[in-house]
Amino acid sequence: MHFALEEEQRAFGRSLDALLTAADVPSAARAWAEGDPAPGRALLARVADAGLVALAVPEEYEGTGRLPVELAVALVELGRHAVPGPVVETVAAASLLAGLAPGRRKAADLLPGLVRGEALATLVAPGGGPYALDADVAETVIVVDPAAAEVRIAPGHGPVRVSTDPVRRLALPDTGGEVLARGPAAVAAGLRAGQLARLLTAAQCLGTGQALLDRTVGHVRQRVQFGAPVGGFQAVKHRLADTLIGLEFARPLVFGAAVTRDVRDIAAAKAAAGRAGYAAARTALQLHGAIGYTEEFDLALWLRRARPLRDAWGTPAQCRDAVLTASPDG
């Protein structure tokens with residue numbers, strides 16, 4: 001079967017690329033890491049205005065209907081530009097709230113702000129770790145608790161901890177809080193939100209790896225040793241080719257999983273994209289040499305993101321286990 005994006009989907013990706021290229025994303029990411037989310041929030045509001053969160057929400061709640069392939073297209077671009085903030089978590093939380101909204105006024109009331117980009121949410125759910133990403137910035141911290149069979153809004157969070165990537169700020173959500181929904185159906189909706197987060201993180205990994213590869217190719221074309229660009233050396237060519245192959249093998253898995261939404265397909269996509277993105281980071285660091293270590297060099301924004309994204313919403317071991325053991329319907 002030949003799978004290719006439709007022209008409308010590619011055009012959506014190009015429009016996001018143009019929006020983010022025109023913005024000063026590296027400055028916004030650095031400000032976010034230093035505790036100033038204002039530039040990043042302004043950027044995320046523009047992305048939401050372009051329709052990002054709406055792609056996870058039905059039309060009756062101001063969305064465009066659930067369009068997972070378009071969401072994957074968007075998250076590849078956001079990964080490629082190193083956009084800061086709980087983007088994946090906000091989209092997954094919006095999808096969860098839309099599933100809970102019928103008959104639950106609180107869930108429905110939270111949706112418009114997320115869709116319009118006026119508010120951010122973060123999410124703790126099965127498939128991810130115990131920490132909430134950017135809980136200090138998000139207006140709403142949603143916790144899916146299978147043991148208590150409930151979905152709740154955490155009343156606060158613990159101390160903020162910086163991950164390997166300073167842009168990714170982590171905190172444990174507080175216990176208690178307002179319960180949005182109880183019962184098996186609520187937990188099942190939370191599980192689906194966690195799977196969506198895993199899929200979109202895989203797309204982020206893919207975009208991150210592509211950015212690292214593109215920047216590295218540009219660098220080795222300019223860097224000269226022994227009177228010739230290092231990009232002409234056979235060992236360098238082989239390393240770049242291996243990196244490209246890894247990314248291109250992961251790409252159809254990510255978009256295929258967006259079509260099927262099967263638990264095993266999503267796990268396979270996350271494992272492949274996470275591995276490819278991290279391999280791209282290792283290649284970029286090696287071929288840039290000492291300059292790759294410098295914090296002032298923009299490459300660091302992608303280098304330090306690749307490994308946390310590889311492990312977010314499913315480590316490689318967890319994803320491989322899901323491929324082998326998960327039931328087809330999740």
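Let's test the formula: R0 of 51 Å, r as the Cβ-Cβ distance of residue 327 and residue 18. What FRET efficiency results, to the nearest 0.05?
About 0.80, to the nearest 0.05.
Quote the convex hull volume per residue of the stretch 131-282, based on C-alpha atoms, as a whole number of Å³.
Given the Cα convex hull of the stretch 131-282, per-residue volume reads 128 Å³.
Using the crude model of +1 on Lys and Arg Cβ and -1 on Asp and Glu Cβ, and no other charge, please compute the dipole size for the stretch 5-134 relative to its Cα centre, in debye to 20.
280 debye
With a 1.4 Å probe and all protein chains left in place, how much accessible area per residue does the chain have, in Å²?
44 Å²
Taking only DSSP H segments of four or more residues, each worth -39500 (n - 2.57), what value at 222 nm results for the chain once the sum is divided by all its residues, to the nearest 500 deg cm²/dmol?
For the chain, the value works out to -19500 deg cm²/dmol.
Classify the stretch 1-151: rounded, prolate or oblate, from the alpha-carbon gyration tensor (a ≥ b ≥ c, eigenvalue square roots; a/c under 1.5 rounded; otherwise prolate if a/b is larger than b/c)?
Note, shape of the stretch 1-151 comes out oblate.
For the chain, with the dipole built from +1 on Lys and Arg beta-carbon atoms and -1 on Asp and Glu ones, taken about the Cα centre, which of 246, 191, 54 lies farthest toward the positive end?
246
Note down the net charge around residue 295, summing +1 for each Lys or Arg and -1 for each Asp or Glu among other residues with Cβ under 14 Å from its Cβ.
Value of the local net charge: -1.
Report in % the part of the accessible area of the chain that belongs to carbon and sulfur, leaving out ligands and nucleic acids; probe 1.4 Å.
Ligands and nucleic acids excluded, carbon and sulfur give 55 percent.
Counting Lys +1, Arg +1, Asp -1, Glu -1, what net charge surrounds residue 81 among other residues with beta carbon under 14 Å of its beta carbon?
That works out to +1.
Among (i) 21.2; (ii) 20.0; (iii) 22.4, which is the computed Kirkwood radius over Cα pairs in Å?
For Kirkwood radius over Cα pairs in Å, the calculated option is (ii).
Just to check I understand the Karplus step: with θ = phi - 60° and J = 6.51 cos²θ - 1.76 cosθ + 1.60, what whole-Hz values come out for the stretch 203-211, glycine and proline as x?
5, 4, 4, 4, x, 4, x, 5, 5
Find out how many positive minus negative residues lie around residue 306, taking Lys and Arg as positive, Asp and Glu as negative, among other residues whose Cβ is under 11 Å from that of residue 306.
With Lys, Arg at +1 and Asp, Glu at -1, the net is +4.
Within 10 Å, count the other beta carbons around each residue, average over each peptide in 243-256, 204-217, and list them highest first.
My ranking of the peptides, most packed first, is 204-217, 243-256.
The values are calculated or read from the model by the stated rules, or taken from the named source; none is laboratory data. Quick caveat: nothing in here was measured; it's all calculated off a predicted structure. Note: ideal-geometry Cβ built from the backbone for every residue, glycine included; neighbour counts use all protein chains shown. Remember, those area values only see protein heavy atoms, side chains included, never the ligands or the DNA or RNA. Shrake-Rupley method; radii C 1.70, N 1.55, O 1.52, S 1.80 Å.
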